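The structure appears below as structure tokens.
The values are calculated or read from the model by the stated rules, or taken from the named source; none is laboratory data. If you're wondering where the values come from, they're calculated on a predicted model, not measured in any experiment. Cβ coordinates were reconstructed from backbone atoms using ideal geometry, including for glycine residues, and neighbour counts include every protein chain displayed.
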Amino acid sequence: MNELKKHVVDIQNEAFALVAKAKTETDLNEIEIRFLGRKSEFNALLKGLKDLSSEERQAVGPLVNAIKQEMIRSFAEARQKMKLASVDWEKDRLDVTAPGVKLPEGHLHILTQVQREIEDIFTSMGFDIASGPEIETEFYNFDALNTPAHHPARDMQDTFYIKSKDGQENLSLRSQTSAVQVRYMEQHTPPFRIIAPGRVFRNEATDTTHEHTFFQFEALMVGEDINVGNLKYVAQEFFSRFFKTEVKIRLRPSYFPFVEPGFEFDISCLSCGGEKGCSACRHNGWLELGGAGMVNQNVFVNAGYERNRYQGLAWGFGLERLAMMKYDIPDIRLFHSGDTRFLSQF
Amino acid sequence: MKYSYKWLQELSGTQKTAQELADFLTMRTFEVESVEEIGFDTENVIIGEVMELVKHPNADRLRVAQINVGSETLQIVCGAPNIEVGQKVPVAMVGAKLPGNFEIKESEIRDVTSYGMVCSQKELGLGGGHEGIFVLPEAAVSGDFLRDFLNDSDFLLDIKVLPDRAHDALSHVGMAREIVALEEGELDYDYESLVLPESESKAFTVSIQSEGLSKRYIGALIRDIEVKASPIWLQNRLKKLGIRSINNVVDVTNFVMLELGQPLHSFDWDIMAEREDGSKGVDVRFAEAGETAALLDGKTYTLSGEDIVIADGAGVLAVAGVMGGKDSGVTGETKSIFLEGAHFDSVSIRKTRTKLGIRTDASDRFEKDLDPNLAEKAMVRALELLAHIAKGSDVAIVDVYPDPFVSRVVPLPVGAAQKLLGIDISAEDIEKILPRLGCRVKRNEQDVLDVTVPTYRLDIDSAEDLIEEVGKMIGYDVVPVIAPKISLTGVTQDGVRLLQRKLQDSACANGFTEVLNYAFYSRQDAEATGMGDVSYLELANPMNPDQALMRASLLPHMLRNIRENLKHQKSLQLFESGNVYYASEFQAVHESQIFAGSIVLEKNDAESFFVLKGMLERMLHGIGIVSTYDTTESVGQYWHPTRTGDIFGVQGHDAIHIGRIGEIHPFVLEYFQIKKRVAYFELDYASLQKLVGVVKSFVPMNRYPEVLRDISIFVPATVRVKDIIDGINKKSQGLVLGVELFDQYFDEEKNMKSLAFHIHFGAMDRTLEGTEADALLEKITASLEKTLKVARRV
């Protein structure tokens, strides 16, 4: 019995030795036929197993089968090796450091990106997005906002006017997104909360921080008991999410005809966190961002609401300033430059 | 306005430094834009006593002085005629830097060494006009710094007062009142005691044409006045605040304006002409249309019937509240003056000054309205000062004030402040706070505080105005951050905004970069792009002529973007999503949103149309729109006449026009100096909007194999691909699943186009036999031969 076992192992060893020496696939085929072919000694051995006693079969059978499997595997391995060796891989080598195929690369304008970011933050807080025309009537741009004709507050911003034809209503390019306020109020009943992003125009000379065409955002929230504390909350929540850092809000008294009380609002400096002593905030710890306030009751009345029925908060700021702060952009005029060297950075 | 820190300090008693005060005001009430140190602050100018004076040995006009400056005695050469032994004088020591960056050095003056300079006021920057050296009072101590002796240094605070508070805060008393209210201090100014004497003069009359022009007019006639230079303190105070000293009378009017905020005006009484009836005085009236006025600025203005003037029997003395007349003012010759302290209608003043293009300190105040009671305060204060520094006698006063303006009572419901500000504040707190602002508070039975507001606070007339004041007095930093309590409501999506986002994203994914351009362009751009005859909306006040028209197309700016960017890159894909504007006979303003894109290829720019078209098809498909294209006849404007087509969106069996695609006309490109072909498309949001949002239904996939056949044909040059495909589809019997052009060229010899198509045959319910497809193909080809004159290519 042991003799038989030894014989099988000898066959295996012989086959392995030949496989190791084989040079071509033909050599391998011949060896395979010789050792595993129908007429091979091994096959004969396998066939002879059935003539053995069941005890003997149990003793030798598994070994013979295992050796057969091993030989099959060794032939496959040897073939694979030969196939690999047959290809000149070096000839096919790529320089992976060479550039990829140049495909045109698209970019959303940085202001579009910022606007979307703002819209998404506000909509996640349940604000609707409202819009209005860029060419606006005097009513919505001024009168409805408590700034009638010959009101000195009209001087606070220089407005572009459209040449009017006879008998036509005076039209201007809206100088603030607040123009959307009364338009929206006329169509809706509080409580509501909206933002109105959009393009506004001011007839003023341009420099690194001033543009005659820019984007603004207006946030308006009206209900029965909206208060100044809520204004602080909404602003703080928004700016903290936008700048991805905890931001504090500071309100300073100011005046805009459409709010009472009115504020300038500052946020704690993003570089030094409100601690004095950094150049970004000119060493006062705060960054001036925009105007805000509680909606003037006259605005509600102009929109057809009952006086003193509602309270509302409103605030607005320039998108460019926000983008400039967040992305370190030094000159506001770049936004409208159309220069791809700027646009493709974002 | 610029304020003197010292003056504010005198009035308010604040203990804060200038910078502290600036920060405090900024946080609590008015924004302080700058703090600037001014006044005499030169180091190394020391008080000295002239001990000895001898004639300069080599110069007749010079003298050599020995001056004791405390620790030593200096030899100084001096040319001033008024120097005398025993005088106390300012000495600029060697090393001192005088205004104008003039540095004092040791010098030889005609062989005599001079160790410094004895200075005049002018040389020290203390105001000019005085000849000779600045002789100091006896009390001055040799060796002391002149700076300490004069105690003249100050800070200018530039404080931004917004229009709502111009009526009271554009003055030192007004600003001091605000400081006092915030600091709970006490104003050192007896405002209430400034009251006109009862007696009414008959020496002249004042007539106001109608009540709307002026609520109050006070005139004062002062005889025997001594018009001369103002005392130094007055000159310095005005100078510090940027006002040139004229003479004591004019200076007093300016001083009172800075102090109280009320502009006053003085006329030369003797120049004023009698009226026709022999009476004398002033008439406050509207100008006659076309009436002219020669004003102080040396210009003559033509007035209209809307302008308020101050007139005498002969004509206009001044444009009320704006500027005085050239010849009616007070001069050195003036013996008697007529002083005006008045209220004028703010809207009229504003209209007049805007129309005349004149802006003065006076008009800035009058146009924002003033408390008519302030005129009285200012008049009394001015008379007081004039009596002191310009003498005068026989003062006659007329006060026309038919309808006195009295304090208003503004109701403030208890609890309203708490509700609006979001802080805990009781009625008792408010009853303590508001009196700091000069208000009187009385709680009535209905739990409302009746707040009596002083007339100098014109801005307070509603509960919110009072709450704002309360907020300021408390400081907004105490307001807590409070999450609003709101009902849960869903967010509604704006369809156009959503569409815009999708288009932008799709364009971006296809390699387009977004630009944002101005909403205006020039007439020249309009003409050059064939859009000269658009009914434009024009700006009445453009920044410059290049930006006078509201854009009716996104193209001109985009071409400029292309030209500029081609300077640093070879190919380009841009898009913009924005509004265009125009008028029509039906509507004064059309404002429509457009999505436009363009492409410039580096090579093979003749292909740019098809590259762009392919991208556009993909972009539109990406937002659920299947697009078709058709030739546009007589395109016009900036489009290439034979390389432009219309874009349609398929909706069921209809095709909705959504825009246009084509190359830009070469002449237009020439104007913009672009040397490559530019392909461009425009889509109209309003039309796209009709196509999106349709919910798609599932279409089952074809389970049976397709039969693919090719057809190669010659077609006349005028026959288009669309015509062939339409022709194939017409004969398809429902068995053509798709047609694809895979080859085309122009055969010059035959003068025909060669086209080759793959046709996918198939049936949805069975396996189509090859023979069936061949038979159908034959029918199709025969039909094309017949209807479109095509020839089979063999």
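Regarding A:Gly229, is this residue touching a Lys or Arg at 6+ places or on another chain (Cβ under 8 Å) and surrounded by fewer than 24 Cβ atoms within 10 Å (Cβ to Cβ)? When the stated conditions are applied, A:Gly229 does not pass them.
Is there a residue in the stretch A:68-78 that is in the same structural domain as A:Ala323 (by TED's automatic domain parsing), assigned to a helix (DSSP H, G or I) and acidic (Asp, Glu)? No: zero hits.
Annotation: B:Gln504 fulfils all but one of (1) within 7 Å of another protein chain (Cβ to nearest Cβ); (2) assigned to a helix (DSSP H, G or I); (3) within 26 Å of A:Ser172 (Cα to Cα); the unmet one is (3). Out of curiosity, is A:Ile110 touching a helix residue (DSSP H, G or I) at 6+ places or on another chain (Cβ under 8 Å), touching a residue at least 40 places away in the same chain (Cβ under 8 Å) and either surrounded by fewer than 20 Cβ atoms within 10 Å (Cβ to Cβ) or of a type in the set (Phe, Trp, Tyr) (or both)? So A:Ile110 fails the test.
In the stretch B:552-604, which residues are touching a helix residue (DSSP H, G or I) at 6+ places or on another chain (Cβ under 7 Å) and in a loop (DSSP other than H, G, I, E, B)? B:His568, B:Gln569, B:Leu601, listed by residue number. When restricted to residues that are facing chain B (nearest Cβ under 7 Å) and either in a helix (DSSP H, G or I) or under 30 Å from B:Leu537 (Cβ atoms) (or both), the stretch A:95-115 contains 4. Residue count for the stretch B:436-451 satisfying the condition of being buried (at least 16 other Cβ atoms within 10 Å of the Cβ), touching a residue at least 40 places away in the same chain (Cβ under 8 Å) and not in a loop (DSSP other than H, G, I, E, B): 3. Checked against the criterion of being outside the structural domain of B:Ala287 (by TED's automatic domain parsing) and either in contact with a His (Cβ under 7 Å, 6 or more places away or on another chain) or not aliphatic (A, V, I, L, M) (or both), the candidates B:Lys391, B:Lys377, B:Lys419, B:Lys355 yield just one match: B:Lys419. The residue that is surrounded by the fewest Cβ atoms within 10 Å (Cβ to Cβ), among those in the stretch A:165-199 that are under 19 Å from B:Ala548 (Cβ atoms) and not charged (D, E, K, R), is A:Gln168.
Scanning the stretch B:525-549 for residues that are within 28 Å of the chain's Cα centre (by Cα) and either within 28 Å of B:Lys676 (Cα to Cα) or at the interface with chain A (Cβ under 7 Å from one of its Cβ atoms) (or both) yields B:Asp525, B:Leu537, B:Glu538, B:Leu539, B:Ala540, B:Asn541, B:Met543, B:Asp546, B:Gln547, B:Leu549. Among residues of the stretch B:461-485 that are within 23 Å of A:Lys248 (Cα to Cα) and within 7 Å of chain A (Cβ to nearest Cβ), those with a beta-carbon under 7 Å from a residue that is of a type in the set (D, E, K, R) and buried (at least 22 other Cβ atoms within 10 Å of the Cβ) at least six positions away or on a different chain give the pairs B:Glu468/A:Glu260; B:Val479/A:Lys232; B:Val481/A:Lys232. The listed residues are A:Asp143, A:Asp128, A:Asp155, and the only one of them that is in contact (Cβ under 8 Å) with a residue 40 or more places away in the chain and within 30 Å of B:Asp164 (Cβ to Cβ) turns out to be A:Asp143. Listed by position, the strands (runs of 3 or more DSSP E) inside the stretch A:251-346 whose residues that are more than 23 Å from A:Gln187 (Cα to Cα) and within 11 Å of another protein chain (Cβ to nearest Cβ) number at least 2 are A:259-268, A:286-295. Please indicate, with yes or no, whether at least one residue in the stretch A:133-140 is touching a residue at least 60 places away in the same chain (Cβ under 8 Å), among the β-branched types (Val, Ile, Thr) and within 11 Å of another protein chain (Cβ to nearest Cβ). No, there is no match, as no residue in the stretch A:133-140 is touching a residue at least 60 places away in the same chain (Cβ under 8 Å), among the β-branched types (Val, Ile, Thr) and within 11 Å of another protein chain (Cβ to nearest Cβ).
The sole residue among A:Leu319, A:Leu313, A:Leu289 that is under 18 Å from A:Ser178 (Cβ atoms), modelled with pLDDT under 90 and in contact with a strand residue (DSSP E or B) (Cβ under 9 Å, 6 or more places away or on another chain) is A:Leu289. State whether one or more residues within the stretch B:112-124 are outside any strand (DSSP E or B), on the phi < 0 side of the Ramachandran plot and among the aromatic types (Phe, Trp, Tyr). Yes, because at least one residue in the stretch B:112-124 is outside any strand (DSSP E or B), on the phi < 0 side of the Ramachandran plot and among the aromatic types (Phe, Trp, Tyr). Can A:Val234 be described as touching a strand residue (DSSP E or B) at 6+ places or on another chain (Cβ under 8 Å), β-branched (Val, Ile, Thr) and either in contact (Cβ under 8 Å) with a residue 12 or more places away in the chain or over 28 Å from A:Met325 (Cβ atoms) (or both)? Judged against the criteria, A:Val234 is a match.
Annotation note: of B:Ala552, B:Ala588, the sole residue that is under 29 Å from the mean Cα position of the chain (by Cα) and without any contact (Cβ under 8 Å) to a residue 12 or more places away in the chain is B:Ala588. Remark: B:Thr26 falls outside the filter, which requires a residue to be among the β-branched types (Val, Ile, Thr), under 21 Å from B:Glu469 (Cβ atoms), buried (at least 17 other Cβ atoms within 10 Å of the Cβ) and away from chain A (no Cβ under 14 Å).
Of the residues making up the stretch A:187-223, those that are acidic (Asp, Glu) and either facing another protein chain (nearest Cβ under 8 Å) or within 19 Å of A:Ile329 (Cβ to Cβ) (or both) are A:Asp207, A:Glu211.
The single residue among B:Val347, B:Val380 that is within 23 Å of B:Pro402 (Cα to Cα), more than 14 Å from chain A (Cβ to nearest Cβ) and over 19 Å from the mean Cα position of the chain (by Cα) turns out to be B:Val380. Determine whether the stretch B:269-285 contains at least one residue that is touching a helix residue (DSSP H, G or I) at 6+ places or on another chain (Cβ under 9 Å), farther than 20 Å from B:Arg223 by Cα and either surrounded by 15 or more Cβ atoms within 10 Å (Cβ to Cβ) or charged (D, E, K, R) (or both). No - not one qualifying residue is present in the stretch B:269-285. Scanning the stretch B:154-203 for residues that are surrounded by fewer than 19 Cβ atoms within 10 Å (Cβ to Cβ) and over 23 Å from B:Trp233 (Cα atoms) yields a total of 16. Does at least one position in the stretch B:603-626 carry a residue that is free of Cβ contacts under 8 Å to residues at least 24 places away in the same chain, within 13 Å of chain A (Cβ to nearest Cβ) and among the basic types (Lys, Arg)? The answer is yes, given that some residue of the stretch B:603-626 is free of Cβ contacts under 8 Å to residues at least 24 places away in the same chain, within 13 Å of chain A (Cβ to nearest Cβ) and among the basic types (Lys, Arg). For B:Ile423, the conditions (1) part of a loop (DSSP other than H, G, I, E, B); (2) without any contact (Cβ under 8 Å) to a residue 24 or more places away in the chain all hold with the exception of (2).
In the stretch B:142-180, which residue that is among the β-branched types (Val, Ile, Thr) and assigned to a helix (DSSP H, G or I) is nearest to B:Pro263 (Cα to Cα)? In this case the residue turns out to be B:Val173.
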